[in-house]
1. Please tell me if Asp34 is in contact with a helix residue (DSSP H, G or I) (Cβ under 7 Å, 6 or more places away or on another chain) and not basic (Lys, Arg).
2. Could you check Asp14 against (1) modelled with pLDDT under 95; (2) in contact with a strand residue (DSSP E or B) (Cβ under 7 Å, 6 or more places away or on another chain) and say which number it fails?
Amino acid sequence: DDKKLRLPDLTVLDLRVGYDLAPSTGQDLELYADVFNALNLQTVTEVQNEVTEANNFGQPTNRQAPFQVQLGARYRY
C-alpha cells in the first residue's frame, strides 16, 4: 500500500471581490480585493525524499503559501 508515501490532497480557495465605482462617480474606476488561500491551510506540498545524515527522510520541506490579501484599483480612460 503506497498511501503512506503519497502527499495529502490539496484544497485551494481563492476569492476575488470587485466593485465598479462608475455609476456613483462618473469615472471608470474599479476596486478589487483578492484573498489567496482563504482557508489558511498549510498543507505539505513537498517532502524530503532522500536519506540524509540527519535521517530526515519524509520530513516536510515545503508547504502551501499562507493566507494573503491583495488590494487593487483600476482606472480606465
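The values are calculated or read from the model by the stated rules, or taken from the named source; none is laboratory data. This is a predicted model, so every value here is computed, not measured. Quick reminder, even Gly has a Cβ in these numbers, built from the backbone with ideal geometry, and neighbours come from all protein chains shown.
1. no
2. (1)
Listed here are the residues, each with its yes/no results for (1) in contact with a Gly (Cβ under 9 Å, 6 or more places away or on another chain); (2) within 30 Å of Gly72 (Cβ to Cβ).
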position: Pro8; (1), (2): no, no
position: Leu15; (1), (2): no, yes
position: Thr25; (1), (2): no, yes
position: Ala33; (1), (2): yes, yes
position: Val47; (1), (2): yes, no
position: Asn55; (1), (2): no, no
position: Gln59; (1), (2): no, no
